[in-house]
1. Filter the range 84-98 for residues that are touching a strand residue (DSSP E or B) at 6+ places or on another chain (Cβ under 9 Å), surrounded by fewer than 23 Cβ atoms within 10 Å (Cβ to Cβ) and more than 16 Å from Ile157 (Cα to Cα) and give the result.
2. Among the candidates Ala103, Ala91, single out the residue that is touching a Leu at 6+ places or on another chain (Cβ under 7 Å), closer than 26 Å to Arg232 by Cα and at pLDDT 95 or above.
3. Answer with yes or no whether Ser9 is modelled with pLDDT under 50 and hydroxyl-bearing (Ser, Thr, Tyr).
4. Exactly one of (1) at pLDDT below 90; (2) of a type in the set (S, T, N, Q); (3) touching a Lys or Arg at 6+ places or on another chain (Cβ under 7 Å) is unmet by Ser25. Its number?
5. Do you know which residues across the range 182-203 are of a type in the set (D, E, K, R) and free of Cβ contacts under 8 Å to residues at least 24 places away in the same chain?
6. So which residues in the range 37-76 are touching a strand residue (DSSP E or B) at 6+ places or on another chain (Cβ under 6 Å), buried (at least 16 other Cβ atoms within 10 Å of the Cβ) and either in a loop (DSSP other than H, G, I, E, B) or free of Cβ contacts under 8 Å to residues at least 60 places away in the same chain (or both), if there are any at all?
7. Yes or no: Gln180 open to solvent by less than 40 Å² (accessible area, probe 1.4 Å), in contact with a Ser or Thr (Cβ under 9 Å, 6 or more places away or on another chain) and part of a loop (DSSP other than H, G, I, E, B)?
8. Name the single residue, out of those in the range 199-237 being assigned to a loop (DSSP other than H, G, I, E, B) and surrounded by 15 or more Cβ atoms within 10 Å (Cβ to Cβ), that is farthest from the chain's Cα centre (by Cα).
Amino acid sequence: MGINCIAKSIKSLFGPVYRKIVPYSVPDKSSAELYYWKKQYEQDGGKFKNSWYQKTMLAMAGEGDETFLHDKIVADFGCGPRGSLEWATSAKERIGIDVLADAYMSTFDLSMHSMRYVKSSENAIPLPSNSVDILYTVNAVDHVDNFECMCKELLRIVKPGGDFIGSFNLHEPTTPCEPQTLNEELINHHLLRHLHIKSYRVSPKGPDGQRYIHFWDNKQIQGKEEAILWVRATKPS
């Protein structure tokens, strides 16, 4: 079933819920994602704010500063248009990977960003195999249409000995923009079992505006509640 059909089915069955996310005039996932970022751009005053990425992405990596990125090629899969890697100034190159990369660049003023934006498809990332030293993904993999396929692509582009650093939303119901409901077993089967785990932590999802707060306060999850998995792992050499 194509994404348009999926979105229309959800819209028909769960119209009131769908309307809280995007208006009826938005017909598919890509348009809904772009609509979301347009609203964020307006709220940020016509210039995306991105200062919070540094604290969160360093915490995900278990690092106190960005020296571990020195002279590395660093990428962020599902980066959005905010400039998620603008803080990583010691990196050799910063790459933002997103299916809407072209739309972001034509819709928003990203001229001040030092990142290179690369348009991915739902089936392939247009980067060479074994080309990325550090690959981040933050709350993005549940947005893909083909989870298994994109996990293979993430593994493909990381260099042997390179690191994958990811944040995954667990046990969340699907939405028009997030067609995947992820759990630890699924993530392990398609992605993490192919890597050497360096750090692994699950915490409850925080309230709006403080989604990652429980990573720092050590609150424990209760059963199958909505949660966030943070993991850092190395691709075998």
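The values are calculated or read from the model by the stated rules, or taken from the named source; none is laboratory data. Just so you know, these numbers come straight off a predicted model, no measurement behind them. Every residue, glycine among them, receives a Cβ derived from its backbone with ideal geometry; neighbour counts consider all protein chains shown. These area figures cover heavy atoms from the full protein model, side chains too; ligands, DNA and RNA do not enter into them. Shrake-Rupley method; radii C 1.70, N 1.55, O 1.52, S 1.80 Å.
1. Glu86, Ala91, Lys92
2. Values: Ala103 fails: closer than 26 Å to Arg232 by Cα.
On inspection, the qualifying residue turns out to be Ala91.
3. Details: modelled with pLDDT under 50: yes; hydroxyl-bearing (Ser, Thr, Tyr): yes.
Yes.
4. (3)
5. We begin by selecting, within the range 182-203, every residue of a type in the set (D, E, K, R); these are 184-185, 193, 198, 201.
Once the filter is applied, which keeps residues that are of a type in the set (D, E, K, R) and free of Cβ contacts under 8 Å to residues at least 24 places away in the same chain, the range 182-203 yields Glu185, Arg193.
6. Across the range 37-76, the qualifying residue is only Lys72.
7. Working: open to solvent by less than 40 Å² (accessible area, probe 1.4 Å): yes; in contact with a Ser or Thr (Cβ under 9 Å, 6 or more places away or on another chain): yes; part of a loop (DSSP other than H, G, I, E, B): yes.
Considered against the rule, which asks whether it is open to solvent by less than 40 Å² (accessible area, probe 1.4 Å), in contact with a Ser or Thr (Cβ under 9 Å, 6 or more places away or on another chain) and part of a loop (DSSP other than H, G, I, E, B), Gln180 comes out as yes.
8. Our first condition is that a residue be assigned to a loop (DSSP other than H, G, I, E, B); within the range 199-237, this holds for 205-213, 218-226, 235-237.
After this cut, where a residue has to be surrounded by 15 or more Cβ atoms within 10 Å (Cβ to Cβ) as well, the list is 205-206, 211-212, 221, 235.
On the way: Lys205: 15, Gly206: 17, Arg211: 14, Tyr212: 14, Ile221: 22, Lys235: 19 Å.
Across the range 199-237, the extreme among qualifying residues is Ile221.
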